[in-house]
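Structure first, commentary second.
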Amino acid sequence: MSEKIRVFVDTPAWFIRPRNTDWQYMRQLKALEQFLEIEVSYAWDIRDVLGESATYAHRRILRQTPAGPARFLRDGSFVDRRAAGAGVVLSHRRFPETRGNLPVIWQHCVLDPRMALASGRGTAEIEQDYRDHEPVFRRAAAVQVATPAEARRHAARFPSLAEKFHAVPFFLPYIEPIDENTLLAKHREVAPLRLLFVGREARRKGLDLLLEAVARLPISLRMHYQLDVVSSLSGAAVDLLAGLNARVHRDMPRWEVLRLMRAAHIFAMPSRFESFGLTFIEAMAAGCAVIGPDWEVQSEILDHGRAGLTLPPTVEAIASALAELVEHPTRRLELAAAGHQRFRTAYAPEVVAKAYFDMFAVAVRALG
């Protein structure tokens, strides 16, 4: 398909605030235009923002959420009056009504059931989540999920809809990977060995687990490292920082976080719950040896242990992984190089842009 594909990006108006990561991500999809014949448009109106924000805040205060598929379905012509000229709509979280035959790609899925169970959800809740999603999956021209593992799981659950699920990871046009010589030089210069954690929601991201694991390292190893923590420390046991050679950065712009990654040898974020994890991709591009949880998506990102260590988010497992990487520089370099290569082949902006284009093209053909 050589003709330019015009995409209208739709997202809940109450997302529209500078610090909302979903809002930031949907905005940067505009950069797809730099790679392929794609035209991306947005059209948020202040009246919609105020109206939706008020409704959302009211529901949050009363703790009310629409039941069943209704929680995903948008009412009325919000998209119709804004998507003029578009060939396809990419909708995040909620599914819009459109006139005519305008195809909609829904960017949503049922998250890793194993992770959900570990976080306290019950089997019945997860089954209901699948049932709530199914009618909306059927309405979509295509469904975007982040990894092949998610696509396979959904296809197995809904075999008649299997072709609708497209594994398209997050598009991160701002990342510039380090070159191989810089990666090698970084891992030769390890005085001190630099560890890094990045995660605003400290407890959910596993900072307390990481700090306890660091404290368990033999003193002979702990003498020669520097730990940088970029976090608000929300929900974390701050007292765990005592006695550790750690620097805390409570708020830091993205470019400074990327600078820390380029200097770090090991990046660790053993999240208890994680829908994706952009920082894993950023750390791989920066040449870090990565430690992440073995949930479905993060295991896929780290190529099932070949491009980073994947482990259950427990202190014992994290301590063991840290000791392995601290004590064995060859292993550390091997994982850093594999993660760097994994970024280039699976998550580089030009690779992900092509995946987006192919998904858009399939959706246009499906309902065209």
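The values are calculated or read from the model by the stated rules, or taken from the named source; none is laboratory data. Because the structure is predicted, anything quoted here is derived from the model rather than measured. With ideal geometry, Cβ positions are generated from the backbone for all residues, glycine too; neighbour counts draw on all protein chains shown. Note: areas computed on protein heavy atoms with side chains; ligands, DNA, RNA excluded. Shrake-Rupley method; radii C 1.70, N 1.55, O 1.52, S 1.80 Å.
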Qualifying residue in the range 271-288 (condition: in contact with a His (Cβ under 9 Å, 6 or more places away or on another chain) and open to solvent by 40 Å² or more (accessible area, probe 1.4 Å)): no
Residue match in the range 160-174 (condition: of a type in the set (Asp, Glu), touching a helix residue (DSSP H, G or I) at 6+ places or on another chain (Cβ under 7 Å) and within 30 Å of Tyr25 (Cβ to Cβ)): no
Answer residue from the range 243-261, given it is over 25 Å from Ala146 (Cα atoms) and of a type in the set (Lys, Arg) and is farthest from the chain's Cα centre (by Cα) among those: Arg247
Phe267 within 22 Å of Thr182 (Cβ to Cβ), modelled with pLDDT of 95 or more, in a strand (DSSP E or B) and among the hydrophobic types (A, V, I, L, M, F, W, C): yes
Test result for Pro169, open to solvent by 20 Å² or more (accessible area, probe 1.4 Å), more than 21 Å from Arg365 (Cβ to Cβ) and touching a residue at least 12 places away in the same chain (Cβ under 8 Å): no
Looking only at the range 3-60, and only at residues there that are β-branched (Val, Ile, Thr) and assigned to a helix (DSSP H, G or I), the one that is modelled with the highest pLDDT: Thr21
Total residues in the range 169-221, condition among the polar types (S, T, N, Q) and either under 21 Å from the mean Cα position of the chain (by Cα) or more than 13 Å from Gly287 (Cα to Cα) (or both): 1
Candidates Val297, Val326, filtered to the one that is modelled with pLDDT under 95, crowded, with 19+ Cβ neighbours inside 10 Å and not in a loop (DSSP other than H, G, I, E, B): Val326
Any chance His108 is modelled with pLDDT under 95 and touching a His at 6+ places or on another chain (Cβ under 8 Å): yes
Boolean, Arg250 is within 27 Å of Arg216 (Cβ to Cβ), open to solvent by 60 Å² or more (accessible area, probe 1.4 Å) and basic (Lys, Arg): yes
Selected residue (criterion: modelled with the lowest pLDDT) from residues of the range 202-219 that are open to solvent by 70 Å² or more (accessible area, probe 1.4 Å) and out of contact with any Lys or Arg (no Cβ under 6 Å at 6 or more places or on another chain): Ile219
Selection within the range 131-156 - touching a helix residue (DSSP H, G or I) at 6+ places or on another chain (Cβ under 6 Å) and assigned to a strand (DSSP E or B): Ala142, Val143, Val145
Filter pass, Val315 being of a type outside the set (Ser, Thr, Tyr) and surrounded by fewer than 22 Cβ atoms within 10 Å (Cβ to Cβ): yes
Ala346 being farther than 22 Å from Lys186 by Cα, out of contact with any Gly (no Cβ under 6 Å at 6 or more places or on another chain), surrounded by fewer than 24 Cβ atoms within 10 Å (Cβ to Cβ) and modelled with pLDDT of 95 or more: yes
Residue in the range 112-127 that is of a type in the set (Ser, Thr, Tyr) and under 17 Å from the mean Cα position of the chain (by Cα) present: no
Strands (runs of 3 or more DSSP E) enclosed by the range 175-263 - at least 2 residues per element that are in contact (Cβ under 8 Å) with a residue 12 or more places away in the chain and closer than 24 Å to Leu311 by Cα: 193-198, 225-230
Residues (in contact with a Lys or Arg (Cβ under 9 Å, 6 or more places away or on another chain) and open to solvent by 40 Å² or more (accessible area, probe 1.4 Å)) located in the range 253-270: Arg262
Sole exception among (1) surrounded by 16 or more Cβ atoms within 10 Å (Cβ to Cβ); (2) closer than 25 Å to Arg74 by Cα for Ala162, by number: (1)
Any hit, the range 117-125, residues being modelled with pLDDT of 95 or more, open to solvent by less than 40 Å² (accessible area, probe 1.4 Å) and hydrophobic (A, V, I, L, M, F, W, C): no
